[in-house]
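The values are calculated or read from the model by the stated rules, or taken from the named source; none is laboratory data. For clarity, every value in this text was computed on a predicted model and none was experimentally measured. All Cβ positions, even for glycine, are placed from backbone atoms using ideal geometry, and neighbour counts span all protein chains on display.
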Amino acid sequence: MNTAALPRWVVAVAVVGGLFLVLPLVAMALRVDWPRFVPLVTSDSARAALLLSLRTSLSATAVCVVVGVPMALVLARTSFRGQRLVRSLVLLPLVLPPVVGGIALLYTFGRRGLLGSSFSALGIDIAFSTTAVVMSQAFVALPFLVLSLEGALRSVGTRYEAVGATLGAGRWTVLRRITLPLVLPGLVSGAVLSFARALGEFGATLTFAGSLEGTTRTLPLEIYLQRETDPDAAVALSLILVVVAIAVVGVAHRVRPLDRLAVTAAGTPRRRAPEAVR
Amino acid sequence: MVLSFDATLADRDFDVSFELADGETLAVLGPNGAGKSTLLDLLAGLLAPTGGRAALDGSVLFDVGPGRRVLTEPRGRGVSLLAQEALLFPHLSVLENVAFGPRSRGVHRTTARVTALHWLERAGIGDLAGRRPAHLSGGQAQRVAVARALAAGPSLLLLDEPLAALDVSVAPAIRTLLRDVLAERSAIIVTHDPLDAFLLADRVLILDGGRVVESGRTGEVLTRPLTAFGARLAGLNLVPGRRTTSGFVGVNGLHVPLGPPVAQGTDLGLAVRPAQVAVTLQAGLAPGTSCIRAAVDDVEHRGDVVRVHAAGMAADMAPIDVVTLDVVAGAQVFLTIRHADVAVYPVNRPSLPGPVPGAPLTGDRVDP
Amino acid sequence: MTRNGRTRNSCHLVLTAIGVVVLTATGCGAGEPGAAGSGGQADAVDGSITVFAAASLKETFTELAERFEDEYPGTDVTLNFAGSSDLVTQIIEGAPADVLASADTRTMGKLADDGLLAGPAVDLATNILQLAVPPDNPAGIATLADAARSGVKTVVCAAQVPCGTAAAAVEEAAGVDLTPVSEESSVTDVIGKVTSGEADVGLVYVTDVLAAGDAVLGINFPESSSVVNTYPIASLADSGEAATAQAFVDLVTGDEGTAVLQAAGFGAP
């Protein structure tokens, strides 16, 4: 490691900060009741919660991609009055406490909510259903996808799209064959982040969807509940979530270099190989 | 005529019109901010004019005015754009890049590939078809870009300084390629380099401040410039002056005897290369030459020559002569030109520029 | 595994260090463990005590703490409300508490087993379940059996939390089989689902219904008497202010405390 460029205390503080983030995870791992670990994380309720979490998080990620890609495109490629305001609003769930998100969803899609009452009349009941879980997760995860994709779109720029258009490609062809492939790394890392956020969703789910094994009780809710009676089970399940989170972060990092490549190709002139052996 | 173009763009103070004949290549020259890129963007459909009309091969590119607003989408214009950077799609192979145009126009994949391969061969890089753009050199990438632009089968090819980003060692080969492929097609090339204009273009359009300041056959414009900018671009001295009974009298006092054809009082310009202006300390009195005395304004080192500015003209000297004659700013020298080296021509075409800025208006005239 | 052992030890050291920093930084008003003498011989009723109390005791204990401070000038009561099992976990992990008032005897029993209580726990109050419905009672709930009707959205506490344990016991006693749409992890969440109208009926404590005010309507049902939840209170062995802690327990379990608790809907022990 080369530390010559930095004052030592900066490095020291950085190390303390790193420990602050890592130690709690280590401490938790140390508390795991290893002999009971496998039975604890494979109990019926734990498996139901884990499967539900994976299922709902994947669905929420799919919702985020389907809705978020057009949103990011509109934000990055158009300009209209109030665009800044719209962008701020889209990012709101990032800074909003999830419980607040849950309450907001409740008053929109709940039985007595803004739209929920019409849904109820149609016989569609969202509250207490797995759909409600997916909606809660999508609500908090969507900004991650929109944000990272919009960033990717902006850094790639519109020049390739312009070239594509002058080569005779229609809007849809440009979007499909140029824009989306160019921002694919950004889309993947955005989707991975959204998935991670959805997997960790707790507050909005608890408020909006309730908690019933196999239907709405996702892993974070299960952990929260297990703490009441069986802290060991809670710790073991927490570790599972940590492992999943680490895997997700790893995947997100893996796609970064690709991301950079696309940006380099589009942006600042990169060093080119010398005129080769022709 | 294949292209007619007339457009204004209010917020960029752009107002340009010109026409382009079938198979003709037009070079657009001008300083930065003159409106060259605006011109290309308007043609490609990346920018909408506030007024005007353009048609290519009879189909309207845009037609904007009171009560009418036709803007053909870029894809429907039959116009390909080749930019300074190759801008190859990084996620597609070289072959797929070149096949992109035909594919976008609905050509079957196999046919599109054949077309692409044809143009890659034509650009001299058929062997690179399977590569990714990231693994190409700058020159190779630009060759692919040329092939891609042509494979789209454009009625009009736009080139935006296609050689500017290339290494000097690579540019000549690409210039040769362009010369080859532009020979038979309608094209507009924006460039800074008069050499490009000479080698690639039939006609030249000089823009300044969003207006056409000169236009004409390349040889005409670049050997007989009408404006100071045109002259600078062509690497010529332009001495504005008038026809008198005895011939041409420049604003700096330079006198060249002329034959009878031109009427007295006509505005004339005299063009001469800096290399053909001799600097001496004594008046040169040889027959067939003209000479003026002038104070040196500036001495500029340019590699293996020294450029001396005096009396609104530039003269190139060998460094050793500069030392020998002790030519420094403020020194009194004589500038001599041979009549055989100059072109004198009427300049009352579009807009006659005033005297070259900073040029002294007086100088001692020495008739031969 | 020497290497492992060493790592573990150093981790504990650092953890302890962080713990100390946190304690100092937050300056919890509690008597620091051992500060008033490890023998706990502080007879005078003064100084600061920390009371850990079940979340359902929030209103009543806040009021009682104020009264206590008025009655014993020089005392200072810091209150910490959370779920009973959370509180017990915190105390086992070394959180500085002088008194614990839990929402059920089971959690208190855990501390007694660990020898962390200063003396036997005293019953403080009782609580029974009630049906909580939205004020307009859209499903027309009148009995516990109504909550088991199909089409009625019933919300209960999960079996892992005390109100859920109670609900399950009541169901069994009454021979009613509820199929809840949600098993919430706290009373607050059950009440929330009812006040927002998402649920038709929730099974919660009568004190929770009272605390929710006009937002919900409480409906008594006879089977509720079969499961009475008892709130125990005890001062803790590690308390540095044993006399003050005991005085607080006395006040809460005395006439004054009983009056306040019963006004909030609690039953007599």
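B:L159: more than 15 Å from B:E96 (Cα to Cα), buried (at least 16 other Cβ atoms within 10 Å of the Cβ), modelled with pLDDT under 85 and within 20 Å of the chain's Cα centre (by Cα), yes or no?
no
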Output the residue which, of all residues in the range C:151-172 that are farther than 18 Å from C:V206 by Cα and aliphatic (A, V, I, L, M), is surrounded by the fewest Cβ atoms within 10 Å (Cβ to Cβ). C:A159
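Answer yes or no as to whether A:V146 is touching a residue at least 60 places away in the same chain (Cβ under 8 Å), in a helix (DSSP H, G or I), out of contact with any Lys or Arg (no Cβ under 9 Å at 6 or more places or on another chain) and more than 10 Å from every other protein chain (Cβ to nearest Cβ). Break it down stepwise before answering.
Working: touching a residue at least 60 places away in the same chain (Cβ under 8 Å): yes; in a helix (DSSP H, G or I): yes; out of contact with any Lys or Arg (no Cβ under 9 Å at 6 or more places or on another chain): no; more than 10 Å from every other protein chain (Cβ to nearest Cβ): yes.
Judged against the criteria, A:V146 is not a match.
Okay, residues lined up against (1) in contact with an Asp or Glu (Cβ under 8 Å, 6 or more places away or on another chain); (2) crowded, with 18+ Cβ neighbours inside 10 Å; (3) outside any loop (DSSP other than H, G, I, E, B); (4) within 14 Å of chain A (Cβ to nearest Cβ):
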{"site": "B:A7", "(1), (2), (3), (4)": "yes, yes, yes, no"}
{"site": "B:G33", "(1), (2), (3), (4)": "no, no, no, no"}
{"site": "B:P49", "(1), (2), (3), (4)": "no, yes, no, no"}
{"site": "B:D63", "(1), (2), (3), (4)": "no, no, yes, no"}
{"site": "B:R69", "(1), (2), (3), (4)": "yes, no, yes, no"}
{"site": "B:G101", "(1), (2), (3), (4)": "no, yes, yes, yes"}
{"site": "B:A112", "(1), (2), (3), (4)": "no, yes, yes, yes"}
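Here is a check on your reading of the model: is B:P225 at pLDDT 85 or above, within 19 Å of B:G312 (Cβ to Cβ) and not in a helix (DSSP H, G or I)? Full working, then the answer.
On the way: at pLDDT 85 or above: yes; within 19 Å of B:G312 (Cβ to Cβ): yes; not in a helix (DSSP H, G or I): yes.
Yes: the conditions hold for B:P225.
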Pick from the range C:57-83, criterion farther than 17 Å from C:D250 by Cα and in contact with a Phe, Trp or Tyr (Cβ under 8 Å, 6 or more places away or on another chain), ranking: nearest to the other protein chains (Cβ to nearest Cβ): C:A82
Is the range A:199-207 home to any residue that is in a helix (DSSP H, G or I) and of a type in the set (D, E, K, R)? no
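Before we move on, is A:R171 touching a residue at least 24 places away in the same chain (Cβ under 8 Å) and at the interface with another protein chain (Cβ under 10 Å from one of its Cβ atoms)? Break it down into steps so the answer makes sense when it comes.
On the way: touching a residue at least 24 places away in the same chain (Cβ under 8 Å): no; at the interface with another protein chain (Cβ under 10 Å from one of its Cβ atoms): yes.
Criteria not met by A:R171.
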State all residues of the range A:153-168 that are among the β-branched types (V, I, T) and more than 7 Å from every other protein chain (Cβ to nearest Cβ); if no residue qualifies, say none. A:V156, A:T158
Flagged pairs (Cβ under 7 angstrom, 6 or more apart or on separate chains; first in the range B:180-203, within 15 Å of B:L82 (Cα to Cα); second polar (S, T, N, Q) and outside any helix (DSSP H, G or I)) are B:L182/B:T25; B:S186/B:S155; B:A187/B:T25; B:I189/B:T25; B:L200/B:T25
Can you say whether C:V99 is farther than 23 Å from C:L261 by Cα and modelled with pLDDT of 90 or more, as far as the supplied structure shows? no
Subset of the range A:1-60 (residues that are exposed (fewer than 10 other Cβ atoms within 10 Å of the Cβ) and among the small types (G, A, S)): A:A4, A:A5
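Identify the residue in the range B:134-145 that is surrounded by 18 or more Cβ atoms within 10 Å (Cβ to Cβ) and hydrophobic (A, V, I, L, M, F, W, C) and, among all such residues, is farthest from the other protein chains (Cβ to nearest Cβ).
Taking the range B:134-145 first, the residues surrounded by 18 or more Cβ atoms within 10 Å (Cβ to Cβ) are B:136-145.
Filter once more, keeping what is hydrophobic (A, V, I, L, M, F, W, C): B:136, B:141, B:144-145.
Numbers: B:L136: 7, B:A141: 7, B:V144: 12, B:A145: 9 Å.
Once the filter is applied, the top-ranked residue is B:V144.
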Is it the case, given these coordinates, that A:T179 is in contact with an Asp or Glu (Cβ under 9 Å, 6 or more places away or on another chain), more than 14 Å from chain B (Cβ to nearest Cβ) and among the β-branched types (V, I, T)? no
Sort out which residues of the range C:194-250 are more than 14 Å from chain A (Cβ to nearest Cβ), among the hydroxyl-bearing types (S, T, Y) and either in a loop (DSSP other than H, G, I, E, B) or out of contact with any Gly (no Cβ under 6 Å at 6 or more places or on another chain) (or both), and write them in order of number. C:Y205, C:S224, C:S225, C:S226, C:T230, C:Y231, C:S235, C:S239
So which of A:A245, A:A204 is more than 8 Å from every other protein chain (Cβ to nearest Cβ), hydrophobic (A, V, I, L, M, F, W, C) and more than 13 Å from the chain's Cα centre (by Cα)? A:A204
Examine the range A:56-68 for a residue that is in a helix (DSSP H, G or I) and either at pLDDT below 90 or within 14 Å of another protein chain (Cβ to nearest Cβ) (or both), and state whether such a residue exists. no
Could you tell me which residue of the range A:88-137 is surrounded by the fewest Cβ atoms within 10 Å (Cβ to Cβ), considering only residues that are outside any helix (DSSP H, G or I) and of a type outside the set (A, V, I, L, M, F, W, C)? A:G123
For the range B:114-133, give me each residue that is within 11 Å of another protein chain (Cβ to nearest Cβ) and out of contact with any Lys or Arg (no Cβ under 9 Å at 6 or more places or on another chain). B:R131, B:R132, B:P133
Tally of residues being farther than 15 Å from C:V228 by Cβ and either in contact with a strand residue (DSSP E or B) (Cβ under 9 Å, 6 or more places away or on another chain) or within 13 Å of chain A (Cβ to nearest Cβ) (or both) across the range C:155-193: 25
Total residues in the range B:188-222, condition in a helix (DSSP H, G or I) and surrounded by fewer than 23 Cβ atoms within 10 Å (Cβ to Cβ): 7
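Away from every other protein chain (no Cβ under 14 Å) and of a type in the set (S, T, Y): is that true of A:T78 in this structure? Talk me through it step by step, then tell me what you get.
Working: away from every other protein chain (no Cβ under 14 Å): yes; of a type in the set (S, T, Y): yes.
So A:T78 fits the description; yes.
Of the residues A:E228, A:E213, which single one is surrounded by fewer than 18 Cβ atoms within 10 Å (Cβ to Cβ) and either on the phi > 0 side of the Ramachandran plot or within 11 Å of another protein chain (Cβ to nearest Cβ) (or both)?
None of the other options fit; the residue is A:E213.
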